[in-house]
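S.K.: Just dropping this structure here.
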Amino acid sequence: MNWITKIIKAGEKIKSALHKRATKEDIANSDWTSCCKGPILKKDLKKNLWVCPEPECNKHHRITPKQRFDILFGEKNYEIFKTPIPKDDPLNWTDSKSYKDRLKSARKKTGMDCGMMVVCGSINDIKITAVASDFDFLGASMAAAEGEAFLYGIQHAIENKTPFLCVSAGGGMRMMESLISLSQMTRTTLAINELKKNNLPYIVCITDPTAGGITASYAMLGDIHIAEPGALIAFAGARVIQGTVKEELPEGFQKSEYVEKTGFVDLIVDRKDLSEKIGTLLSILLKKNSVINSEENETSENSQPLTKAAS
């Protein structure tokens, strides 16, 4: 091989390296991610709770359940529960890839057995049972295992008399489990009804994206609905709706700000303020707020019969 051939081959290798597209795995393992102004270091984004520091952007990036609970309760300041896992692939589903292989990849990627994590932590000395979904686990879709996790969390809340916080995310029901998946809409709804029969608060924090059967069931049954800024909240896709109604949809349709205006969301709260806001709401709902307690005491004293008060 002469020197000209060596130079040509070296040039081809350099050209190939420059034009090689980064895989999803390469991007996930990189120290960088992207936002409104291009690349940003993940460590800088983490310092800002995975929210873009540019005020005009303020994008709330998707985070894992552990990252979520670290923000809400404090790092490692909560107990993670091991929830029941039903039989994998009850229908022996295969499309371009077997469902068992998809589950195996999702578990390896997220370190979770299913797409939901159930924990118990405290905010303002109030014990809370909470569940959060991981979008990296098959789009945080609902199947039998996720239904079992949700029910486990509700049962723990009832037995320990704690409020229940649901951090919703996901594209809906997981069709690899067909009607088994769809039945989770009913199961979670019945579980929430049991929670409410026990007079325990159910707060939903809606994050990006929350759609499909998740929106049609447990994500819209809260006593209070909080949403992060810019979160997609939908049932069907915008293009499907527009094609059905044959009309132009309003700007920002299905974003949390628009959904708040139409009455399906009570509050939009920045991630940095979520813990404080949830703590305040629970203090009021559980009558642990000092102002409410003092007002109740005054009311009860004023309502006493005169004979009892005189004695």
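S.K.: What trypsin sites (Lys or Arg not before Pro) does region 78-171 have in DSSP loop regions with at most 14 other beta carbons within 10 Å?
M.R.: On the way: sites: LYS82, LYS87, LYS97, LYS100, ARG102, LYS104, ARG107, LYS108, LYS109, LYS127, LYS161; in loops: LYS82, LYS87, LYS97, LYS161.
Passing both the DSSP loop test and the Cβ count: LYS82, LYS87, LYS97, LYS161.
S.K.: Name the trypsin sites (Lys or Arg not before Pro) in region 188-284 that are in a loop by DSSP and that have at most 12 other C-beta atoms within 10 Å, would you?
M.R.: On the way: sites: LYS196, LYS197, ARG239, LYS246, LYS255, LYS261, ARG271, LYS272, LYS277; in loops: LYS246.
Answer in residue order: LYS246.
S.K.: Suppose a student asked you for the relative contact order of region 131-171, using Cα pairs under 8 Å spaced at least 6 residues apart; what percent would you report? Intermediate results must be reported in sequence, preceding the final value.
M.R.: Details: 32 pairs, mean separation 27.0, N = 41.
Here the relative contact order equals 66 percent.
S.K.: Let me ask something else about it. Please give me, ordered by residue number, the chymotrypsin sites (Phe, Trp or Tyr not before Pro) of region 72-102 that lie in loop per DSSP and have at most 16 other Cβ atoms within 10 Å.
M.R.: Values: sites: PHE73, TYR78, PHE81, TRP93, TYR99; in loops: PHE81, TRP93.
Passing sites in region 72-102 are PHE81, TRP93.
S.K.: Moving on. Please list, in order along region 105-120, the HN-Hα scalar couplings obtained from phi with the Karplus expression 6.51 cos²θ - 1.76 cosθ + 1.60 (θ = phi - 60°), rounded to whole Hz, x for Gly and Pro.
M.R.: For region 105-120, the Karplus-derived couplings read 5, 5, 5, 5, 5, 9, x, 10, 7, 8, x, 10, 10, 10, 9, 10 Hz, x marking Gly and Pro.
S.K.: Moving on to the next point. Rounded to the nearest 5, what is the percent of antiparallel bridges among the DSSP beta bridges in region 30-177? Please report the intermediate quantities before stating the final value.
M.R.: On the way: 17 of 22 bridges.
Percent antiparallel among DSSP bridges in region 30-177 is about 75.
S.K.: ³J(HN,Hα) across region 85-92 via Karplus (A = 6.51, B = -1.76, C = 1.60, θ = phi - 60°), whole Hz, x for Gly/Pro?
M.R.: 10, x, 4, 5, 6, x, 9, 6
S.K.: Around GLY170, which amide H atoms from residues at least 5 apart in sequence, or from another chain, sit under 5 Å from its own amide H, with H modelled in the peptide plane?
M.R.: Result for GLY170 returns THR210, ALA211.
S.K.: Going by a ≥ b ≥ c, the root eigenvalues of the Cα gyration tensor, does region 118-161 fall in the rounded group (a/c under 1.5), the prolate group (a/b larger than b/c) or the oblate group?
M.R.: Numbers: a/c = 5.04, a/b = 1.70, b/c = 2.97.
Oblate shape, in that a/c is at least 1.5 and b/c is the bigger or equal ratio.
S.K.: Starting from the amide H of TRP32, placed 1.01 Å from N in the peptide plane, find each other amide H under 5 Å away whose residue is 5 or more places distant or on another chain.
M.R.: It is LYS42, by chain and number.
Values in this text are rule-based calculations from the coordinates and carry no lab data. If you're wondering where the values come from, they're calculated on a predicted model, not measured in any experiment. In this analysis, Cβ positions are derived from the backbone assuming ideal geometry, glycine residues included, and neighbour counts consider all displayed protein chains.
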